[in-house]
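Colleague: Can you read through this structure? Questions will come right after.
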Amino acid sequence: MNAAIRGIVRIAYSKKLQVLGFRRGWEGVIANTFTLLTPRSVGGILQQGGTILHTSRCPEFKSREGIKKAAETLASNHISGLVIIGGNGSFKGALELSAYTNTLIVGIPASIDNDIFGTEETIGFDTATNTAVAEIDKIRDTAVSHERVFMIEVMGRERGFLALEIGLTVGAEIVLVPEVKYRMENLFEIVRENRAKGKKSGLIVAAEGIGDTRVLAEQIQRNTKAEVRLSIIGYAQRGGNPTARSRLLASLFANKAVQLLSKKEGNKVVGLQDGNIVSVDLQKSCRTKKPLDPHLLRLANLLAT
């Protein structure tokens, strides 16, 4: 997010535009809490994870009164364009707000879940993937040395984009995602077959949304006689220095967002499609579910044999 903030501010200033940064997301818009952002104030943040503006959940913004307060803030500050950097929840809030304001709104997708329709990749997804891969590579050393099966839980309460890409790139024997129901007996059979092939260790990557991974790990151990351990990576995936890929995407998205606002185009979400930076309708992005790529899941299963 910091890389995107930096890009927005510096590109906007090159066009003689002034930029205000609302603190703590929608909470700051409602409370009219902001800071003036300049090219100098965003210096040195490109490599920092997170956001210098901070973020928080804002229950008040879910009410009509909260949305109206946000609209009043935009009007009182004569804000002509609002850039939202966030995920589905932030964009749905922006869509609701658009009915109460004439301010042009553009969304920049930033979510480790990579579940926003209209873009093949979101800011932060590559960083979160690489963070998890680095941790799992270390876990594999232990798995091989101790001849154990490790189940690694990664983030993804509702979607499995992160788990799928991580599982594929670490060579997991099993990848579990919320979108695809699994049968317990099938999991047992895969572990048994791998042991019969001579595999003494193994990796199972599971999105947190598939259920209680602790119980699942115990059931696999009980039914296969394999020694199974559970490792939960947790919030480490949300932090850390952004990868070069995430920084590049943030800068490209920022440039597109400012271009759209300069052309007086609003209610858009910036995205990456077929190598091009594009924009899609905000309402369509919010109301369309992004499909998980079944080809990647089949490839992950094929490579695990």
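Colleague: Over the chain, what is the percentage of antiparallel beta bridges among all DSSP beta bridges, to the nearest 5?
Modeller: 30
Colleague: Quick one: grab the alpha carbon gyration tensor of region 7-136, order the square roots of its eigenvalues as a ≥ b ≥ c, and give me rounded if a/c is under 1.5, else prolate or oblate depending on whether a/b is larger than b/c.
Modeller: Oblate, because a/c is 1.5 or more while a/b does not exceed b/c.
Colleague: I need to check one value: relative contact order of region 24-111, counting alpha carbon pairs closer than 8 Å and at least 6 residues apart, in percent.
Modeller: After rounding, I find 30 percent.
Colleague: So how exposed is residue 100, as accessible area in Å² (1.4 Å probe, rounded to 10)?
Modeller: Rounded to the nearest 10, the figure is 90 Å².
Colleague: So what are the ³J(HN,Hα) numbers for region 91-96, from phi and the Karplus equation (6.51, -1.76, 1.60; θ = phi - 60°), rounded to whole Hz, Gly and Pro as x?
Modeller: Karplus values, whole Hz, x for Gly and Pro: 6, 5, x, 5, 5, 5.
Colleague: On to the next question. When the dipole is taken about the Cα centre of region 110-190, and only Lys, Arg (+1) and Asp, Glu (-1) are charged at their Cβ, what size is it in debye, to the nearest 20?
Modeller: With only Lys, Arg, Asp and Glu charged at Cβ, the dipole is about 200 debye.
Colleague: With both bridge residues required to lie in region 163-305, what share of the DSSP beta bridges run antiparallel, to the nearest 5%?
Modeller: 65
Colleague: Principal axis extents for the chain, Cα atoms only, whole Å, descending order, please.
Modeller: 69, 38, 33
Colleague: Placing unit charges on C-beta atoms (Lys and Arg positive, Asp and Glu negative, everything else neutral), compute the dipole magnitude of the chain about its Cα centre in debye, rounded to 20.
Modeller: So the dipole magnitude of the chain works out to roughly 620 debye.
Colleague: With every protein chain left in place, what is the accessible area per residue of region 1-61 in square angstrom, probe 1.4 Å?
Modeller: Computed with neighbouring chains in place, this is 53 Å² per residue.
Colleague: Next up: Residue by residue through region 166-179, what is 3J(HN,Hα) from phi via Karplus (6.51 cos²θ - 1.76 cosθ + 1.60, θ = phi - 60°)? Round to whole Hz and write x for glycine and proline.
Modeller: Rounded to whole hertz, the list is 5, x, 5, 7, 9, x, 5, 6, 9, 10, 10, 10, x, 6.
Colleague: Work out Dmax and Rg for region 78-200 from the C-alpha atoms and quote the Rg first, both in angstrom.
Modeller: Considering region 78-200 through its Cα atoms, Rg and Dmax are 19.8, 69 Å.
Colleague: If you don't mind, another one. Across region 25-38, in residue order, what do the Karplus-derived ³J(HN,Hα) couplings come to in whole Hz, using 6.51 cos²θ - 1.76 cosθ + 1.60 with θ = phi - 60° and x for Gly and Pro?
Modeller: x, 4, 4, x, 5, 5, 7, 6, 9, 9, 9, 6, 9, 10
Colleague: Could you work out the per residue convex hull volume over the alpha carbons of region 137-289, in cubic angstrom?
Modeller: Here the figure is 137 Å³ per residue.
Colleague: I would also like to ask the following. First compute the accessible area of the chain with a 1.4 Å probe, then give the percent of it belonging to carbon and sulfur atoms.
Modeller: Ligands and nucleic acids excluded, carbon and sulfur give 48 percent.
Colleague: Between residue 197 and residue 218, what FRET efficiency follows from the Cβ-Cβ distance if R0 is 22 Å, with the result rounded to 0.05?
Modeller: Rounded to the nearest 0.05, the efficiency is 0.40.
Colleague: Please list, ordered by chain and number, the residues whose modelled amide H lies under 5 Å from the amide H of residue 84; skip anything fewer than 5 residues away on the same chain.
Modeller: So residue 84 has HN proximity to 106, 107, 108.
Colleague: What pairs in 138/284; 138/256; 15/290; 200/289; 15/69 have C-alpha atoms more than 32 Å from each other?
Modeller: 138/284; 138/256; 15/290; 200/289
Colleague: Skip the ligands, DNA and RNA, and give the accessible area per residue of region 199-277 with a 1.4 Å probe, whole Å².
Modeller: Accessible surface, normalised per residue, equals 50 Å².
Colleague: Given only helices, namely DSSP H runs of n ≥ 4 each adding -39500 (n - 2.57), what is the per-residue ellipticity at 222 nm of the chain, to the nearest 500 deg cm²/dmol?
Modeller: Calculated mean residue ellipticity at 222 nm is -14000 deg cm²/dmol.
Colleague: Could you calculate the contour length gain from residue 138 to residue 78, that is, 0.36 nm times the residue separation minus the distance between their Cα atoms, to one decimal place in nm?
Modeller: Gain in length upon complete extension: 16.4 nm.
Colleague: Would you mind calculating the gained length between residue 265 and residue 241 on full extension (0.36 nm times residue separation, minus the Cα-Cα distance), in nm to one decimal?
Modeller: Result for the pair: 5.4 nm of gain on full extension.
Colleague: Calculate how steeply helix 184-196 sits against the longest principal axis of the alpha-carbon atoms of the chain, using the helix alpha-carbon long axis, and give the answer as 0 to 90 degrees to the nearest 10.
Modeller: Roughly 60 degrees between the two axes.
Colleague: Further question on the same structure: Residue 69 accessible area, nearest 10 Å², 1.4 Å probe?
Modeller: Approximately 90 Å² of residue 69 is accessible to the 1.4 Å probe.
Colleague: Once ligands and nucleic acids are excluded and a 1.4 Å probe is used, how much of residue 58 is accessible, expressed in Å² to the nearest 10?
Modeller: Roughly 20 Å² of residue 58 is accessible to a 1.4 Å probe.
Colleague: Return one number: the angle in degrees, 0 to 90 and rounded to the nearest 10, between the long axis of the Cα atoms of helix 213-224 and the longest principal axis of the Cα atoms of the chain.
Modeller: 20
Colleague: While we're here: Amide H to amide H under 5 Å from residue 230: which residues, 5+ apart in sequence or cross-chain, H placed 1.01 Å off N in plane?
Modeller: Close amide H contacts, sequence-distant or interchain: 151.
Colleague: Sticking with this structure for a sec: Just by accessible area at a 1.4 angstrom probe, what is the order of 34, 150 from largest to smallest?
Modeller: Ranking 34, 150 by accessible area, largest first, yields 34, 150.
The values are calculated or read from the model by the stated rules, or taken from the named source; none is laboratory data. Remember, predicted model here, so these are calculated numbers, not experimental data. Using ideal geometry, Cβ is built from the backbone for each residue, glycine included, and neighbour counts are taken over all protein chains shown. Ligands, DNA and RNA are stripped out before the accessible areas are found, and what is left, the full protein with its side chains, is counted by its heavy atoms. Shrake-Rupley method; radii C 1.70, N 1.55, O 1.52, S 1.80 Å.
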